[in-house]
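Worksheet: the structure to be examined is printed underneath.
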Amino acid sequence: MNHDTPHRMNTTAEPENNTSPHRLRFALLGLLFVLFASSTWIVTAQHELGATFDEPFYTAKGLTHWRTGSYRELMRAGTMPLPVDVQTLPLYLWERERGSAWDARDDLPQLLPIARKMNLIFWWLLLVNTFRFALLLGGPRCACLAVGLLGFEPNFLAHACLATTDIAIAAAVMTAAFQFLKHRESAWFRRVGVPGFWYGIALLCKASALLFVPLLLIVLGYLHVQRRTLLRDLVTIGFIGFGVMFLYVNTDAKPEPSFIKWANGLPDGPSVEYVRTIARELCIFPNAGEGLVQQIKHNMRGHGCFVLGEWHPRAVWYYFPIIFSQKLSEPLLLLLALAVWKRENLRHPLAVASFVLLVFSLTCRVQIGIRLMLPTVCVFILFAAYAARTWPKLGAAAVLAMMTIATLNWPDGLQYQNRLWGSSETAREHFTDSNYDWGQGLPQLKQWMHATNEAELHVWYYGGDPAILKPPFRWVAIQHEPEPSIEALKQRVGTGTLAVSDSFFTGCPDRRPATLAIVQWLRAQKPAARVNTFTLYRFR
């Protein structure tokens, strides 16, 4: 193996500095086209989707932070604050301009479209740095393929529409990995300082960056020739990243009650009073650490999941591999299969990184959607694009197919399922939560009511959209009743119509036998209609 090359393996088929100007200009035009086309898809789709489960919480707590400076409620929920801050900053500035506070529940229809558009910042960051990453590794053709595959991937488009944190973490992880690989031969600031800063940004986007970034950097660094300083660099990058995170989340500093209690319980002595004074005066801000700990605890506990048409009370190791096979598009799966089939590709760092992250997914016990693995999908796409750069016609056909799939799945990419697993009509039998029904379907339900002149509709709803609390909907929260029953449901609905969220039919979060009996009874009835993520029944 030639150790005189910049990398231990040939990761620069067409190095960024030596690319043809003509090819580079063509690649940049491709990037601009994908930025424009995908952003148009996203902005037009945003107005068709209701609030998902998490968005009302993020909007409310983001405004709380801008008003009070406190991250306490976000940290208690294990939500890192940077995406929430970015998405709610214009809302707070508008609030200051208008002179009165927003009601995060009643005013959500006005607030959410603006918060969602701010997520485009992270989307653009993801596309640009994926392009640069692919350009560094495989030249202009690889960069065009990577940004095309990513920019029209239905799962990415779906989450780019929402004011959530999943696109932000993917963007930050890709940026940190790109900066690390690009500057492995540079001076300390670029080699360590810049990746460390982006590691901190990734941590501020989502707690899962705690492992995503180190795993990628270890693989990319180990496969690099100049790795004498690798361990020291990685440790320093980690310290810088945590420093950035704690400096950003440094609010709510106050004395720690448990420390004060411990100090007051010490026996009297000449030095004890000093300890008590320190305990009373020492202000600490464990917020960022609290957010990480909450997510670590969440992953250790895990929870039930729905996969292969079956509910499991605990996480299962094969959840994410199955979800990848169901939710990733056919063109991407085909390119990945061909990339693996061509053996020389398996020695590439992207192949190793893809394998490592796939193995990592087997250990993740929070199994509520492919969105939690978007950084892994980014690496899959980079690997597929790198392999397909030698098959230009096939790569171009794959991107065109992705564009077609994206168009056909506008505006609700959350419901996407590839044809290998059946039609879109069967998707609701395979998915739950953010993989299909994340509470986004109320606008279509209201449109159906207007079209059929329904004055009122009872809804058994899974989601967080506050619109469910207002007419023309009547929320039937069966899962919150102490003793749910079929008879009680009939009394609530009377002679009206009941719309049931699909997530209750598949991964019903209430696993009590009485609730599941209601679900089974409803499934045995003849539906009156299907509207987006709802099945409707007429009670007569």
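The values are calculated or read from the model by the stated rules, or taken from the named source; none is laboratory data. Only a predicted model underlies this, so the values are computations on that prediction, with no experimental measurement involved. Glycine gets a Cβ as well: all are built from the backbone with ideal geometry, and neighbour counts include every protein chain shown.
Examine the stretch 138-150 for a residue that is over 30 Å from residue 56 (Cα atoms), buried (at least 24 other Cβ atoms within 10 Å of the Cβ), more than 17 Å from the chain's Cα centre (by Cα) and among the basic types (Lys, Arg), and state whether such a residue exists.
yes
May I ask you to list the residues in the stretch 321-363 that are more than 21 Å from residue 412 (Cα to Cα) and in a loop (DSSP other than H, G, I, E, B)?
Listed by number, the residues that qualify are 342, 348, 362, 363.
Does the stretch 469-499 hold any residues that are touching a helix residue (DSSP H, G or I) at 6+ places or on another chain (Cβ under 7 Å), of a type in the set (S, T, N, Q) and not in a helix (DSSP H, G or I), and which are they?
Scanning the stretch 469-499 gives a single hit, 485.
Rundown of residues vs (1) within 15 Å of the chain's Cα centre (by Cα); (2) surrounded by fewer than 20 Cβ atoms within 10 Å (Cβ to Cβ); (3) among the hydroxyl-bearing types (Ser, Thr, Tyr), yes/no style:
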{"position": "351", "(1), (2), (3)": "no, no, no"}
{"position": "354", "(1), (2), (3)": "no, no, yes"}
{"position": "358", "(1), (2), (3)": "no, yes, no"}
{"position": "362", "(1), (2), (3)": "no, yes, no"}
{"position": "366", "(1), (2), (3)": "yes, yes, no"}
{"position": "372", "(1), (2), (3)": "yes, no, no"}
{"position": "381", "(1), (2), (3)": "no, no, no"}
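Looking only at the stretch 478-493, filter to residues that are modelled with pLDDT under 90 and surrounded by fewer than 13 Cβ atoms within 10 Å (Cβ to Cβ); which one of those is nearest to the chain's Cα centre (by Cα)?
Of everything passing the filter in the stretch 478-493, 480 is nearest to the chain's Cα centre (by Cα).
I'd like the full set of residues that are under 17 Å from the mean Cα position of the chain (by Cα) and surrounded by 24 or more Cβ atoms within 10 Å (Cβ to Cβ), limited to the stretch 414-462. Quick ask: steps written out before the conclusion?
First pass over the stretch 414-462, keeping only residues under 17 Å from the mean Cα position of the chain (by Cα): 414-416, 431-440.
Of everything in the stretch 414-462, those that are under 17 Å from the mean Cα position of the chain (by Cα) and surrounded by 24 or more Cβ atoms within 10 Å (Cβ to Cβ) turn out to be 414, 416, 431, 432, 434, 435, 436, 437, 438, 439, 440.
Among the candidates 112, 127, which residue alone is under 30 Å from residue 20 (Cα atoms) and among the aliphatic types (A, V, I, L, M)? It would help to see each step written out before you state the result.
On the way: 112 fails: under 30 Å from residue 20 (Cα atoms).
Exactly one of 112, 127 is under 30 Å from residue 20 (Cα atoms) and among the aliphatic types (A, V, I, L, M), namely 127.
Kindly evaluate residue 486 against the criterion of being among the hydrophobic types (A, V, I, L, M, F, W, C), without any contact (Cβ under 8 Å) to a residue 60 or more places away in the chain and closer than 27 Å to residue 104 by Cβ.
Values: among the hydrophobic types (A, V, I, L, M, F, W, C): yes; without any contact (Cβ under 8 Å) to a residue 60 or more places away in the chain: yes; closer than 27 Å to residue 104 by Cβ: no.
Against the criterion (among the hydrophobic types (A, V, I, L, M, F, W, C), without any contact (Cβ under 8 Å) to a residue 60 or more places away in the chain and closer than 27 Å to residue 104 by Cβ), residue 486 does not qualify.
Select from the stretch 68-83 the residues that are assigned to a loop (DSSP other than H, G, I, E, B), at negative phi and surrounded by fewer than 22 Cβ atoms within 10 Å (Cβ to Cβ) and list them in ascending order.
Step one: filter the stretch 68-83 for residues assigned to a loop (DSSP other than H, G, I, E, B), giving 69-71, 77-81.
Still in the running and at negative phi: 70-71, 77, 79-81.
If the condition is that a residue be assigned to a loop (DSSP other than H, G, I, E, B), at negative phi and surrounded by fewer than 22 Cβ atoms within 10 Å (Cβ to Cβ), then 70, 77 are the ones that fit.
For the stretch 297-320, which positions are surrounded by 14 or more Cβ atoms within 10 Å (Cβ to Cβ) and assigned to a helix (DSSP H, G or I)?
Of everything in the stretch 297-320, those that are surrounded by 14 or more Cβ atoms within 10 Å (Cβ to Cβ) and assigned to a helix (DSSP H, G or I) turn out to be 298, 299, 319, 320.
Return a yes/no flag: does the stretch 217-231 have any residue that is assigned to a helix (DSSP H, G or I) and in contact with a Ser or Thr (Cβ under 9 Å, 6 or more places away or on another chain).
Initially, the stretch 217-231 is screened for residues assigned to a helix (DSSP H, G or I), giving 217-222, 230-231.
Cutting the leftovers down to in contact with a Ser or Thr (Cβ under 9 Å, 6 or more places away or on another chain) gives us 220.
Yes; the residues of the stretch 217-231 include at least one that is assigned to a helix (DSSP H, G or I) and in contact with a Ser or Thr (Cβ under 9 Å, 6 or more places away or on another chain).
Here is a list of conditions, (1) buried (at least 18 other Cβ atoms within 10 Å of the Cβ); (2) at pLDDT 95 or above; (3) within 20 Å of the chain's Cα centre (by Cα), and residue 108 meets all of them except one; can you say which number that is?
Checking residue 108 against (1) buried (at least 18 other Cβ atoms within 10 Å of the Cβ); (2) at pLDDT 95 or above; (3) within 20 Å of the chain's Cα centre (by Cα), the one that fails is (3).
From the set of residues in the stretch 495-515 that are without any contact (Cβ under 8 Å) to a residue 60 or more places away in the chain and over 30 Å from residue 108 (Cα atoms), which is surrounded by the most Cβ atoms within 10 Å (Cβ to Cβ)?
515
Could you grab me the full set of residues in the stretch 228-274 that are modelled with pLDDT of 75 or more, farther than 30 Å from residue 198 by Cα and among the hydrophobic types (A, V, I, L, M, F, W, C)?
Matches in the stretch 228-274: 260, 262, 263, 266.
Would you say residue 518 is within 28 Å of the chain's Cα centre (by Cα), without any contact (Cβ under 8 Å) to a residue 60 or more places away in the chain, more than 18 Å from residue 309 (Cα to Cα) and assigned to a helix (DSSP H, G or I)? Write out each step before concluding.
Details: within 28 Å of the chain's Cα centre (by Cα): no; without any contact (Cβ under 8 Å) to a residue 60 or more places away in the chain: yes; more than 18 Å from residue 309 (Cα to Cα): yes; assigned to a helix (DSSP H, G or I): yes.
For residue 518, the condition - within 28 Å of the chain's Cα centre (by Cα), without any contact (Cβ under 8 Å) to a residue 60 or more places away in the chain, more than 18 Å from residue 309 (Cα to Cα) and assigned to a helix (DSSP H, G or I) - is not met.
Residues to consider are 492, 530, 523; find the one that is touching a residue at least 12 places away in the same chain (Cβ under 8 Å), within 21 Å of residue 306 (Cβ to Cβ) and not hydrophobic (A, V, I, L, M, F, W, C). Can you show your working first?
Working: 492 fails: within 21 Å of residue 306 (Cβ to Cβ); 530 fails: touching a residue at least 12 places away in the same chain (Cβ under 8 Å).
Of the residues listed, the single one that is touching a residue at least 12 places away in the same chain (Cβ under 8 Å), within 21 Å of residue 306 (Cβ to Cβ) and not hydrophobic (A, V, I, L, M, F, W, C) is 523.
Within the stretch 416-468, restricting attention to residues that are among the hydrophobic types (A, V, I, L, M, F, W, C) and not in a helix (DSSP H, G or I), which residue is nearest to residue 478 (Cα to Cα)?
Filtering the stretch 416-468 down to residues among the hydrophobic types (A, V, I, L, M, F, W, C) leaves 420-421, 427, 431, 438, 442, 445, 448-449, 451, 455, 457, 459-460, 467-468.
From the residues that got through so far, the ones that are not in a helix (DSSP H, G or I) too are 431, 438, 455, 457, 459-460.
Numbers: 431: 21, 438: 18, 455: 22, 457: 15, 459: 10, 460: 7 Å.
Among them, the one singled out is 460.
Which of the residues belonging to the stretch 197-247 are small (Gly, Ala, Ser) and closer than 27 Å to residue 164 by Cβ? Lay out the reasoning, then the answer.
Taking the stretch 197-247 and keeping what is small (Gly, Ala, Ser), we get 200, 202, 207-209, 221, 238, 241, 243.
Within the stretch 197-247, 200, 202, 207, 208, 209, 238, 241, 243 meet the criteria.
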